[in-house]
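No value in this document is a laboratory result; all are computed from the given coordinates. These figures come from a predicted structure and were not determined experimentally. So basically every Cβ, Gly included, is an ideal-geometry build from the backbone, and we count neighbours across all protein chains shown.
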Amino acid sequence: MRSKITFTITMLAVIVLLATSFAFCDNKELADDQNFHFGINVRDAQTFDPMNASATADRIIADMIFNGLVRYPPGNQVDVEEDLATSWEVSEDGKEWIFTLREGVFFHPFPGYPEGYELTSEDVVFSLNRAANPEYSAYSGDYTGMSFEAIDAYRVRITLETPISEILFFPKIADYGSGFIVSKKAIEEMGDEWVRSNPIGTGPFMFDSYEPTQKVFLVKNEKYFRSEPILDSVTVRYMPEVSPRELGLRRGELHMINGLNQRDWLERVQNEPETVINFFGPGETQIIHFNISMPPFDDINVRKAVSHALSREAVSALIGGEGGSVPIYSSALAPPAVGALTKEEVIEADLLIEQDIELAKQMLADAGYPDGFSIEVISTENEEYLKGHTAVQAMLREIGIDMSIKVVDHASFHSLIRQNMNPFVYYLCWRPNVGVFLQRFYHSDSVVVSGASPDTNFSNYGAVDANGDGSIDTIDNLIEKAAIEIDSASQIELWKEAQIKILEDVAVYPVIRFLIPYPMKSYVDLGYTGTFAWTTSGVPQITEKTRILAH
């Protein structure tokens, strides 16, 4: 077997960490009060069950209470390191993984176990089987073809019917999705209903109490295996309106809040005393998907002309401003997501399209539209979508394209764009990896309406002739080959080859990556981040190193 002590994909990781981390200096004086207050923009919790915690607000809680076999270090979603497991081995054929657990890790106390009890392989196998069961897990599909076995008290064997790469395997057992390890005894002895409202994990903070629509109160786990947390408690307050959150931060009643990605609001909050704004991701990417089945966007020359009329920088400035959004050039997610194209790689492939109004006009005329044309695009009333559509509308007007916007409610928008009605779809989303993104947006099976499994292939790529050479253009083979490739480097190359082909056929125009601002008091030391960071939940992680400095 090949020994695996740590797993690292270095693409951009060093750059990201150097840009974002700062030293955790123990010689700084701490505030007497180490009770942390976090205001988030939701009305209430949906669940405390980590295997069904898909909403960001619920994942905030799960992240503090539970651990996985491995984890993404706080502030870094590129590397994987030890968590409840200290080491692992994988067979040469990639089908068998053996994990060795830490000894002396204890679950939080619960009735009948005032001191908790030590985690063993039984808890891990129980948790992973639960993750694979659709009755208990929202992520059960991720575990198809996997089986789990306790070798002894501190070793677990995971067997795969079909081997997959490390990039795709580790998220299934990390502090992400259903990879959190739960207490077998708590669930069996207290029941499912009890643990749904009384989560029992091994993490740095323990569940104490919950007030519906008001708050969740967590206290520190003095037995946490990494070290006793510095914070005494964490209170997560449910505050759907931004004004009370902002007021609480200004008064010092809250240490950190969800912010608005609006330039005026950010500038105002930034100017408040003792306040800094950090941005967190992975944020949603915004990409324009041209409908290459619908005239005039069935003509690659029209798509090129339209692309030359657009400016990523202008959209970025309008929607997020400095720090809140950045231009992207990848047709599937954006760096530092593993396998996403960088700007430099797009330039090297001679596929960078930047704004050039005069060239756009000439190309449009050459395509047979010297006076432009008119289109109607359906947009949601959601502010981020509407701002994007409005920015595109203004830029297309400069080359003679009259774009009207039909605004509908958000649910209707998602329904209508799946009926192949838009000449292009301006879409915001995040997906767990580049492979999933490619499958759902560019595989022919995913074509809206006509695909074998209609999903979000709004461009109809893979079902029509995209470049005008008389044959259907597809990357199905690359997507499918990458899905079964177990060598991570080879898988990444296949993903990039697929993205290059998409850009060659101008099926999309990548616009920006959107990050989420989190204003916080300047005397808060999260212990791992400076100006922005990548976390599994897209929000600031509160860890055993988080602390409140004297001020």
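Key figures
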| item | result |
| --- | --- |
| DSSP bridge pairs, the range 285-514: antiparallel proportion in percent, nearest 5 | 65 percent |
| A489-E89 pseudo-label distance in nm [points 7 Å out on the Cα-to-Cβ vector] | 2.4 nm |
| Anisotropy class of the range 317-412 from Cα gyration tensor, a/c 1.5 cut | oblate |
| Length-normalised contact order for the range 309-409 - Cα pairs under 8 Å, 6+ apart - percent | 29 percent |
| Peptides ranked, highest mean first, by Cβ atoms within 10 Å: ranges 135-142, 370-377, 488-495 | 488-495, 135-142, 370-377 |
| Calculated FRET value between A365 and S450, using beta carbons and R₀ = 30 Å, to 0.05 | 0.40 |
| Paramagnetic reach from T159 in the range 114-143 [backbone N under 11 Å; point 7 Å along Cα→Cβ] | none |
| Listed peptides 263-271, 34-42, 106-114 by packing density, highest first (mean Cβ within 10 Å) | 34-42, 106-114, 263-271 |
| DSSP-defined antiparallel bridges as percent of all bridges, the chain, nearest 5 | 75 percent |
| Spin-label pair D409/K481, simplified geometry with 7 Å Cα→Cβ offset, distance in nm | 4.7 nm |
| Inter-probe distance in nm under a simple model that places probes 7 Å from Cα toward Cβ, at N467 and E354 | 2.4 nm |
| Percentage relative contact order, the chain, counting C-alpha pairs under 8 Å, at least six apart | 21 percent |
| Gain upon complete extension [A314, S522; 0.36 nm per residue less C-alpha separation] | 71.8 nm |
| The range 206-276-the range 108-162 distance, computed between alpha-carbon centres (Å) | 32 Å |
| Lys pairs under 22 Å by Cα in the range 177-332, provided they are eight or more residues apart or on distinct chains | 4 |
| For Cα extents along the principal axes in Å, calculated from these coordinates, the label among (i) 104, 65, 46; (ii) 77, 50, 47; (iii) 77, 58, 40 | (iii) |
